[in-house]
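The values are calculated or read from the model by the stated rules, or taken from the named source; none is laboratory data. These figures come from a predicted structure and were not determined experimentally. In this analysis, Cβ positions are derived from the backbone assuming ideal geometry, glycine residues included, and neighbour counts consider all displayed protein chains.
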Amino acid sequence: MDNFEVQKLKKKIPEIGTEMHDTMVKLYPICRSITGNGVRKTLDIISEQIPLEKHEIPTGTEAFDWTVPKEWNIKDAYVKKSNGEKIINFKKSNLHVLNYSVPVHKTVSLSELKDHLFTLPDQPALIPYRTSYYYENWGFCITHKQFLQLEEDEYEVVIDSTLEDGSLSYGEYFIKGKSEDEVLLSCYICHPSMCNDNLSGVVLLTFLAKHLKNLSLQYSYRFLFIPETIGAIVWLSRNEQNVTKIKHGLVATCVGDSGISTYKKSRQGNAEIDQTVIDVLKNSGDDYKIMDYEPIGSDERQFCSPGFNLPVGLLLRTHPYYFTEYHTSADNTEFVKAKYLADSFSKYFKVIFKLEENFGKFYSKNNEEELLEIDSKNDQVFLNLKPKCEPKLDKTGMYRKIGGKNNNDALTILWVLNYSDGKHSLRDITLRSGIDFKQIKQTAELLHEKKLLKRIL
Ligand SMILES: [Zn+2]
């Protein structure tokens, strides 16, 4: 990267922000999911900007503890009153359908319909985003306001979807630098019509790749456009031999809202990527926020699972915990603005510029975590027996059936699994997570019973 190239690109950043927003608007109406034609259409639109390599992984392919599911596609869905009036219509918002709903066509009473409706009582004007990938179900998501107005009637429900053997699609783009050492930049492409989470990340990485490919680079750069969780797990299982080349990484999501920049550190906590991002944010002159790693979030959960422990952080603006539009119909093309996309682009670019500048100067500090002293008789140390990615918890009856919303039990399970690396005791996990010790211990015992953990101390 020479200075002239960098200065030229810096001048273009506001314009790039507008282009990113335009591409986001184009991607917005597509009904995406973890598989299916919505993902393929998305990859096609990204391919108009960068020459993506597209992969199709067949249904049934094993990836660590997971299996590529059946492919889901949808043409239409609605609910009609007995007088013929369509009161819920997929064509008006694809969030109206519980993502991965199995096909259905029948007449139901109000009470049966209500068993399949999802709403947000605290945000009565918004449609929630809900999924049911691994538990066959059908359902509709509507505003709570509409829910309260529903009357006794015979309702015709139609979901014209298919759930069949097919494949999981993802895209990859590789820019060869002078070195074999890689920087991994990953985003997910499985959310339907929502912008900050996560089309903002998709367009940011698309345009970053488009502009980086013209520069002379030390590192090689690998861009992933994958469905969240299952895509990261599939990618890691297919590329296990090469992950040692990854020296730094970032997951891009929630980069287009008006909030300040937030950095969630990698699990290593003091990796070069952590120091670099923190430096860039410190020197930006803007407010920012730093968060420690926690095993809840996006694909960093897989990249930072103890069997990989890659130096991958999450650079975003407002964390999903703190914006109320998260996973609702309010996360739309107005909520994300070109100027915030441009600002995030500039911060990502500065991180890359700094990594390039420091190439060869830093040395990896992998696995420096010290054994923490265990001072309580009650304390125990466990080892995660499936440390590569997350185990498929619903197989053991231990995980949420409806995705899109976290619950406390699920969060405790993720904490205990991620930190049961033989080095962190239950007390350490309690301190890091802020979850009650009793709950941590009970969860560890349950995971032990399900043969996901082995007690070592
Ligand atoms: Zn999400």
query = Just for strands (runs of 3 or more DSSP E) wholly inside region 20-99: which have at least 3 residues that are within 30 Å of residue 305 (Cα to Cα) and not aromatic (Phe, Trp, Tyr)?
reply = 53-58
query = Is it true that residue 316 is within 24 Å of residue 179 (Cβ to Cβ) and in contact with a strand residue (DSSP E or B) (Cβ under 8 Å, 6 or more places away or on another chain)?
reply = no
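Based on this model, can you work out whether residue 185 counts as touching a Leu at 6+ places or on another chain (Cβ under 6 Å), in a helix (DSSP H, G or I) and buried (at least 17 other Cβ atoms within 10 Å of the Cβ)? Break it down stepwise before answering.
Working: touching a Leu at 6+ places or on another chain (Cβ under 6 Å): yes; in a helix (DSSP H, G or I): no; buried (at least 17 other Cβ atoms within 10 Å of the Cβ): yes.
When the stated conditions are applied, residue 185 does not pass them.
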message = I need every pair where a residue in region 198-221 that is under 19 Å from residue 298 (Cβ atoms) and at pLDDT 95 or above has its Cβ under 6 Å from the Cβ of a residue that is small (Gly, Ala, Ser) and assigned to a helix (DSSP H, G or I), sequence separation at least 6 or different chains.
response = 204/344
request  = Hey, could you check region 370-401 for residues that are over 28 Å from residue 238 (Cα atoms) and modelled with pLDDT under 70 and say which is farthest from the ligand (Cβ to nearest atom)?
outcome  = 377
remark   = So, first residue farther than 24 Å from residue 67 by Cβ in region 129-146, second residue of a type in the set (Lys, Arg) and within 15 Å of the ligand (Cβ to nearest atom), Cβ within less than 6 Å, six or more apart or across chains; the pairs are 141/130
task = Name, by its number, the condition in (1) modelled with pLDDT of 90 or more; (2) outside any loop (DSSP other than H, G, I, E, B) that does not hold for residue 410.
result = (1)
inquiry  = Let me spell it out: the conditions are (1) under 28 Å from residue 169 (Cβ atoms); (2) away from the ligand (no atom under 16 Å from the Cβ); (3) touching a strand residue (DSSP E or B) at 6+ places or on another chain (Cβ under 6 Å), and residue 264 meets all of them except one. Which number is the exception?
reply    = (2)
task = Please name all residue pairs, on different chains or six or more residues apart, with Cβ atoms under 7 Å, provided the first residue is in region 236-257 and is farther than 30 Å from residue 339 by Cα and the second residue is within 16 Å of the ligand (Cβ to nearest atom).
result = 236/302
task = Take the residues in region 122-132 that are within 25 Å of the chain's Cα centre (by Cα) and of a type outside the set (A, V, I, L, M), then tell me which one is farthest from residue 147 (Cα to Cα).
result = 132
query = Quick one: how many residues across region 244-258 are within 16 Å of the ligand (Cβ to nearest atom) and not acidic (Asp, Glu)?
reply = 6
message = Return the pair list, or none, for Cβ contacts closer than 7 Å from residues in region 102-121 that are assigned to a loop (DSSP other than H, G, I, E, B) to residues that are of a type in the set (A, V, I, L, M, F, W, C), at least 6 apart or on different chains.
response = 102/138; 102/163; 103/159; 116/138; 116/140; 119/142; 119/147; 120/126
